[in-house]
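Structure, as structure tokens:
The values are calculated or read from the model by the stated rules, or taken from the named source; none is laboratory data. On a predicted model such as this, the values are computed, not experimentally measured, just so you know. All Cβ positions, even for glycine, are placed from backbone atoms using ideal geometry, and neighbour counts span all protein chains on display. With ligands, DNA and RNA removed, areas are computed over all heavy atoms of the protein, side chains included. Shrake-Rupley method; radii C 1.70, N 1.55, O 1.52, S 1.80 Å.
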Amino acid sequence: MKPGLLEVMRMNRICRMVLATCLGSFILVIFYFQSMLHPVMRRSPFGVDICCRKGSRSPLQELYNPTQLELSNTAVLHQMRRDQVTDTCRANSAVSRKRRVLTPSDLKHLVVDEDHELIYCYVPKVACTNWKRLMMVLTGRGKYSDPMEIPANEAHVSANLKTLNQYSIPEINHRLKSYMKFLFVREPFERLVSAYRNKFTQKYNTSFHKRYGTKIVRRQRKNATQEALRKGDDVKFEEFVAYLIDPHTQREEPFNEHWQTVYSLCHPCHIHYDLVGKYETLEEDSNYVLQLAGVGSYLKFPTYAKSTRTTDEMTTEFFQNISSEHQTQLYEVYKLDFLMFNYSVPSYLKLE
């Protein structure tokens with residue numbers, strides 16, 4: 001099914017109006033009607049307009065129009081996740097769609113794999129190091145074979161991966177329409193505690209201590225010592241939460257990517273993600289992406305036991321000393337992430 005003539009004319013009129021308004025500035029007009037086409041694509045999967053990779057089926061075709069006609073449980077699960085995001089965006093449109101247009105700088109988290117027609121939006125503290133390693137293998141054209149042989153610091157070097165903001169506007173729009181877009185999410189407060197533990201309790205993270213720790217201590221700690229103000233290496237979790245909910249913080253600058261909301265990092269209400277993976281089902285979801293990309297027979301998501309991983313029990317302990325007022329305010333900050341990705345309100349919260 002394709003949009004009717006009147007709908008197409010309306011889309012074109014909208015695009016011309018937006019382009020006329022934005023003329024002379026470097027503004028990206030992402031297909032505003034992506035979300036309008038989304039239900040059509042679901043009901044009547046891809047036709048012949050999606051080009052095939054080297055004579056084979058693209059991941060997008062394999063996802064929406066699988067070779068096996070019967071939908072697997074995995075396919076149904078991911079359809080439910082897509083629906084959850086769409087429904088949340090629609091129900092919270094006043095908050096989630098404040099801006100109709102994204103700029104190229106909004107796309108710096110979207111990593112592009114030309115060869116396999118993939119776009120991955122990385123979210124820090126959601127296995128993004130290993131996924132960046134995988135993307136380096138996929139885009140390296142034989143330079144890398146084992147993702148775990150790539151040092152973690154090398155995976156985070158921006159020059160090693162190409163992001164969507166490096167393309168021209170027509171190229172961006174083409175890839176958003178034709179490539180399979182995916183991201184991985186995590187229970188928001190577990191991700192937040194993981195970020196706090198990594199950035200504020202590890203002595204080697206001096207850059208975070210200097211940039212954020214000193215600021216947090218100065219604002220949130222009464223009678224702070226000169227050493228604490230200078231080093232910022234002993235931030236308490238309660239102080240970190242107070243900093244996050246402080247209106248001054250949110251007016252001052254965007255959150256750091258390690259505790260920024262997923263909907264602000266990846267813009268799922270503007271960009272239709274074809275697959276939403278979860279940290280709780282990381283291995284299965286990751287290997288499903290690789291299977292759709294046609295590389296599942298020789299490339300698997302790297303797994304290993306990590307004893308320091310932040311757990312739900314650990315997160316519960318961190319929130320014990322947070323007042324119900326601050327818990328409620330913090331939940332409001334991350335509410336869309338909870339709703340959009342179907343995470344229930346944690347049982348340990350004492351919301352007002």
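With the structure loaded, tell me whether residue 90 is open to solvent by 40 Å² or more (accessible area, probe 1.4 Å), over 27 Å from residue 342 (Cβ atoms) and modelled with pLDDT of 80 or more or whether it fails that test. No: the conditions fail for residue 90. Taking segment 240-344 and the helices (runs of 4 or more DSSP H) fully enclosed by it, the elements with 3 or more residues that are in contact (Cβ under 8 Å) with a residue 24 or more places away in the chain and within 28 Å of residue 177 (Cβ to Cβ) are at 262-266, 282-292, 324-340. The residue that is nearest to the chain's Cα centre (by Cα), counting only those in segment 149-172 that are within 18 Å of residue 267 (Cα to Cα), at pLDDT 95 or above and part of a helix (DSSP H, G or I), is 164.
I'm trying to understand the selection: among the residues of segment 143-158, which are farther than 19 Å from residue 121 by Cβ and among the hydrophobic types (A, V, I, L, M, F, W, C)? Residues satisfying the conditions are 148, 150, 152. Return yes or no: is residue 212 out of contact with any helix residue (DSSP H, G or I) (no Cβ under 7 Å at 6 or more places or on another chain), in contact (Cβ under 8 Å) with a residue 24 or more places away in the chain and aromatic (Phe, Trp, Tyr)? Spelling it out, residue 212 is indeed out of contact with any helix residue (DSSP H, G or I) (no Cβ under 7 Å at 6 or more places or on another chain), in contact (Cβ under 8 Å) with a residue 24 or more places away in the chain and aromatic (Phe, Trp, Tyr).
Test residue 264 against the stated conditions and say whether it is closer than 22 Å to residue 144 by Cβ and either among the small types (Gly, Ala, Ser) or surrounded by fewer than 17 Cβ atoms within 10 Å (Cβ to Cβ) (or both). When the stated conditions are applied, residue 264 does not pass them. Check whether at least one residue in segment 214-230 is on the phi > 0 side of the Ramachandran plot, surrounded by fewer than 17 Cβ atoms within 10 Å (Cβ to Cβ) and either modelled with pLDDT under 95 or of a type in the set (A, V, I, L, M, F, W, C) (or both), and report yes or no. Scanning segment 214-230, I find at least one residue that is on the phi > 0 side of the Ramachandran plot, surrounded by fewer than 17 Cβ atoms within 10 Å (Cβ to Cβ) and either modelled with pLDDT under 95 or of a type in the set (A, V, I, L, M, F, W, C) (or both), so the answer is yes.
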